[in-house]
Amino acid sequence: MGPVEHLHMSVFSQSFSPCGRFLAAGNNYGEIAVFSLSSALSPDATDMSRKPILTFTAHEGPVFSLLSTDSHLLSAGNGEISAWTWAELIKRNTKAVWTRRPNYKSSLEIPEINAMTINPTENSLVIGGGDNNLHIMDLESGVFKSVLQGHTDYIHCLSVRERESEILSGGEDGAVRIWDCRTGQSVHCIEVYKYEDCARPQYGKWISCLTTDSDWMVLCGGGPYLSLWHLRSLSPTSIFPLSGCQRQATFYQDMILSVGEGQFVSHCLLGGEVKAQIPCTPHSLNTLALNLNSTENRVLTVGGSSHQIDVFANLSYRSFSLAF
Amino acid sequence: MSPPVIFNFNDAKDTFTASTRSALENKTSKPLINAFNQITGNETEKKTTLDQALRQVLEEQIVEKKALVDDFLSLIYLSIDGVTEGICSATTPFLLLGDVLDCLPLDQCDKIFSFVEENVSTWKSNSFYTAGKNYLLRMCNDLLRRLSKSQNTVFCGRIQLFLARLFPLSEKSGLNLQSQFNLDNITVFNKNEQESTLGQRPTEEKEDGMEVEEGEMGDEEPGTPAPCSIPIDYNLYRKFWTLQDYFRNPVQCYEKFSWMTFLKYSDETLAVFKSFKLDDMQASKRKLEELRTAGGEHVYFAKFLTSEKLMDLQLSDSNFRRHILLQYLILFQYLKGQVKFKSSSCVLNDDQCSWIEETTKLVYQLLREIPPDGDKFATMVERVLNTEENWNSWKNEGCPSFVKDRPVDDKPKRPTRKRQAPEDFLGKGPDRKVFMGNDELTRLWNLNHDNMAACQSEKREFMPSLEEFFEEAIEQADPANMVEDEYKVVHNSNYGWRALRLLSRRSPHFFQPTNQQFKSLDDYLESMVIKLAKELPKDLPSEEIKTGEEDDEDNGDTLLKESNDSPSMQAKQVTNQQMDEVAAKLGAQWKTLASQLDMKAAEIREIETDSEDVDMQAKLLLVCWQEREGTQATVDSLITALNNAGFPKIADILNET
């Protein structure tokens with residue numbers, strides 16, 4: 001991987017291992033790199049500790065989504081999902097345990113998979129991608145149980161509300177749909193661009209990211225502003241004045257962390273103000289991940305349009321960067 | 001004749017000891033004074049004996065161990081009274097104090113020291129000061145050595161304050177004359193995890209304004225270093241604490257390699273401060289109130305706590321940040337400042353200077369952003385650092401004393417006149433030469449021993465005339481000569497500057513207002529040259545110059561007189577010869593002139609007593625007048641005085657010479 005490739009690399013997805021000591025990141029070349037966080041955070045870390053312990057090509061196309069279960073790492077790219085066990089990966093064994101593909105209607109075009117999420121109550125994997133549908137796969141058997149239809153354009157992001165057993169999906173068509181897992185029907189459909197406060201018509205109407213905290217949902221678009229919604233009333237409560245598109249957001253303690261266009265990580269308060277914007281290396285960020293699996297490696301990592309992944313030990317400043 | 005009484009030391013001492021004890025009991029020094037007066041002997045002998053007696057009493061009191069602090073104090077008061085009465089020597093109270101402090105434990109020393117502090121005015125009074133200051137200094141230093149800076153901070157501070165009040169500011173032993181640094185102040189930090197000390201020490205020290213932790217600290221058993229339970233940024237940790245080494249020893253910054261490291265680490269640290277903005281957390285304010293009202297004093301710790309686990313908390317603390325940023329500002333002030341004791345290799349190059357400038361701006365900006373009251377704090381810091389400059393220059397001058405000497409009054413005049421050197425030396429003798437004691441010097445001095453006249457002589461006139469200077473320019477301005485613009489000398493900036501200076505001194509055109517706007521110096525000079533050309537004498541070949549500009553008819557010649565006119569004769573200093581002549585003519589009537597010359601009656605009396613000869617007296621009067629007037633002792637003023645006194649004939653003589 002020469003310097004030119006490094007220059008054009010974008011990191012699209014990240015996932016932490018269940019033990020919390022490793023980070024897997026996927027880039028636009030279809031590679032997945034595994035970093036050892038514990039050695040990078042140790043007192044005698046060197047530059048070499050910030051390099052991946054393992055890099056391998058997972059897919060032909062970019063790795064848009066990475067997900068970790070209790071023992072497996074799932075990655076999705078161009079229409080197929082592959083799985084590896086973390087134990088094997090740590091031993092540098094890159095043989096995939098399985099690779100599956102949902103049933104697509106047309107076999108001519110293989111739609112990419114943009115988002116994956118796990119529904120823990122039913123132990124199923126929910127996939128959303130370019131064919132405008134959500135596919136649900138049972139993790140034990142590997143069978144694709146159902147297809148949820150409703151979106152009119154491709155799906156960008158997914159999230160799961162465990163308590164109510166609902167799936168939320170946001171897509172290019174500007175709609176956020178709330179699906180009931182058992183019935184497989186779309187219970188609600190929020191067309192965010194129709195709300196004047198949130199909408200930014202100059203950017204379109206598509207929803208780029210979505211995350212929930214049981215009662216609350218944060219969503220942002222390419223289109224609408226990053227906004228906080230109350231799910232029971234299905235109305236927006238706060239709107240954050242961040243410019244540009246936010247590509248990933250997460251709830252953390254009493255803040256919302258969000259990354260997107262712009263060379264910083266935004267810390268937003270629930271009231272609607274942006275508390276801080278912490279500068280980081282990549283000029284535009286695609287992914288944000290918080291390592292809640294381990295206390296001593298509890299860091300925030302962000303990646304984007306750079307081959308470097310910034311690590312924040314203290315959320316308020318960048319500690320160092322891992323590099324592909 | 002009875003033989004001289006031998007002074008019996010032991011008897012005297014016993015008597016004194018007994019009377020001291022009774023004095024202590026009765027709380028009055030009368031018994032002691034009586035005893036003193038009764039014993040026969042030499043003053044000094046008696047005094048020294050009393051000193052010994054007092055010390056012995058004190059020793060007994062200390063050895064007894066039952067004595068309270070107050071007893072010691074009353075004995076010392078007694079000795080002070082003794083000094084004021086003149087019965088014991090001035091060093092005794094200090095010796096007693098020294099003895100007491102050496103023998104007592106620290107908590108009792110505290111009380112004794114309060115006594116010392118309260119009586120600072122006594123110590124500063126004349127009878128005690130010279131005798132006792134060294135003793136006091138030694139005593140305080142001994143105490144400071146016994147005390148620990150971190151445990152007994154307040155006591156140490158009191159001692160230092162006492163010393164500061166006792167000694168004048170310029171007391172050399174209290175000053176860091178060589179501008180040395182405390183190189184022992186090393187900040188220790190962990191290079192690897194095994195050295196982590198947090199969890200081993202009992203955590204008594206609290207930091208003010210501790211903010212809510214962002215991480216969780218695992219429960220640590222005291223005594224064993226617990227495994228780290230929060231992610232620690234060792235990178236920043238190490239760089240941050242390495243900076244303290246540069247603050248400890250700023251001279252390192254002048255070396256290239258150390259400077260590069262310092263630069264790198266500082267940039268990183270300041271970038272962290274910049275991105276990690278502090279909130280004005282209301283919660284922490286409440287905590288501060290609680291801390292204070294709980295009766296806790298403001299906690300002071302002498303050294304930074306450098307455990308890596310505290311790093312996060314420290315970064316969120318405003319006071320900590322202020323400490324570090326202030327350290328930067330102080331360091332920069334030292335590096336840029338003029339300190340006499342810096343070696344000549346300690347010079348900053350341009351890059352370093354510009355980095356320091358930028359970083360200073362950044363530091364002030366960061367200071368302003370730190371809540372609470374960031375702006376006020378930053379302005380205050382700036383002002384304090386400015387006043388530091390004054391202290392710095394005071395030190396560079398060798399710490400001169402601040403006590404102003406009283407201005408000298410008229411009294412010394414008498415000795416100077418009595419001691420008037422023989423006239424030969426001062427050039428008043430017949431040769432009019434001033435003898436400098438060395439032939440060569442005499443020759444040089446006598447070339448012209450009036451400095452002002454020498455400076456005004458014709459030979460020192462260096463300013464050229466307008467003709468000379470502008471000759472070349474005028475030639476070039478002649479269109480007939482066809483000199484190209486770039487060769488014209490008026491375009492030379494050096495020439496232009498000198499031309500302006502000359503014009504301001506010699507030419508009235510300089511001050512004439514014109515309507516023309518000159519875009520550059522060259523154009524202005526060209527027009528001036530043309531004006532000048534027209535005025536100059538017509539033997540120059542450039543008289544045919546076509547100007548095409550309107551003539552400013554000027555009567556300006558009269559505006560500016562030549563500045564090097566020799567002063568009119570009347571403004572000259574009165575010479576010795578003139579003074580001799582006037583004195584001879586005045587004779588006994590010099591007193592009339594004296595009043596005209598504003599001589600005081602006292603001075604007149606002095607002149608009378610100085611010399612018997614009236615001529616001499618007259619001469620002395622004139623000399624005195626000349627001394628007083630200095631450069632104002634001109635012929636003019638003497639003539640005026642003479643005329644007013646009614647000596648027109650003498651005035652005429654002066655006029656003629």
Among the listed pairs B:Lys27/B:Lys65; B:Lys47/B:Lys133; B:Lys149/B:Lys309; B:Lys30/B:Lys133; B:Lys239/B:Lys376, which have their C-alpha atoms separated by more than 23 angstrom in this model? B:Lys149/B:Lys309; B:Lys30/B:Lys133; B:Lys239/B:Lys376
Around A:Thr85, which amide H atoms from residues at least 5 apart in sequence, or from another chain, sit under 5 Å from its own amide H, with H modelled in the peptide plane? A:Leu73, A:Val97
Order A:125-135, B:516-526, B:364-374 from most to least packed using the mean count of other Cβ atoms within 10 Å. A:125-135, B:364-374, B:516-526
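How big is the Cα convex hull of chain A in projection, averaged over all directions, in nm²?
15.8 nm²
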Please pull out the direction-averaged projected area of segment A:1-120, using the convex hull of its alpha-carbon atoms, in nm² to one decimal place. 8.6 nm²
For segment B:133-143, 3J(HN,Hα) per residue [Karplus equation, 6.51 cos²θ - 1.76 cosθ + 1.60, θ = phi - 60°, Hz, x = Gly/Pro]: 5, 5, 4, 4, 4, 5, 4, 5, 5, 4, 4
Once amide hydrogens are built 1.01 Å from N within the peptide plane, the residues lying 5 or more places from A:His156 or on another chain with amide H under 5 Å from its amide H are A:Gly170, A:Gly171, A:Glu172
More than 19 Å apart: what percent of Cα pairs in segment B:1-106 qualify? 40 percent
What three numbers, in Å, describe the spread of the alpha carbons of segment A:116-260 along their principal axes, ordered from the longest? 45, 33, 26
Sum of side-chain charges, B:Asp102 neighbourhood, beta-carbon under 12 Å (Lys, Arg +1; Asp, Glu -1): 0
Across segment B:233-247, in residue order, what do the Karplus-derived ³J(HN,Hα) couplings come to in whole Hz, using 6.51 cos²θ - 1.76 cosθ + 1.60 with θ = phi - 60° and x for Gly and Pro? 8, 5, 3, 5, 4, 5, 5, 4, 6, 5, 4, 4, 5, 6, 5
Divide the volume of the convex hull of the Cα atoms of segment A:263-324 by its number of residues and quote the answer in cubic angstrom per residue. 90 Å³
Could you estimate the translational diffusion coefficient of the protein assembly as shown from the Stokes-Einstein equation, with Rh from the Kirkwood formula over C-alpha pairs, at 25 °C and 0.890 mPa s, in whole µm²/s? 62 µm²/s
Average beta carbon contacts from partner chains per residue of B:269-275, 10 Å cutoff: 3
Considering every residue in A:288-301, what mean count of other chain Cβ atoms within 10 Å of its Cβ is obtained? 2
Can you give the Kirkwood hydrodynamic radius of segment B:74-147 from its Cα pairs, in Å with one decimal? 12.4 Å
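Could you rank the peptides B:52-60, B:129-137 by their average count of other C-beta atoms within 10 Å per residue, with the highest value first?
B:52-60, B:129-137
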How big is D, in µm² s⁻¹, for segment A:168-212 by Stokes-Einstein at 25 °C and 0.890 mPa s if Rh is the Kirkwood radius over C-alpha pairs? 221 µm²/s
How many Cβ atoms of partner chains, on average, are near each residue of B:231-242 if near means within 10 Å of its Cβ? 5
Residues with amide H under 5 Å from that of A:Leu226, placed H, sequence gap 5 or more: A:Gly221, A:Phe240, A:Leu242
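Sorting check: for B:436-449, B:325-338, A:238-251, which peptide has the highest mean count of neighbouring beta carbons within 10 Å, and how do the rest follow? Present the calculation step by step, with values, prior to reporting the outcome.
Details: B:436-449: 11.7, B:325-338: 17.1, A:238-251: 19.2.
Those peptides, ordered most packed to least, come out A:238-251, B:325-338, B:436-449.
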I need the shape label for segment A:187-324. Rule: rounded when a/c is under 1.5, else prolate if a/b > b/c, else oblate, with a, b, c from the alpha carbon gyration tensor. prolate
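Throughout, read-outs are computed from the coordinates displayed, never taken from laboratory work. Predicted model only: the values in this text are computed from it and were never measured. Backbone-built Cβ (ideal geometry, glycine too); neighbour counts: all protein chains shown.
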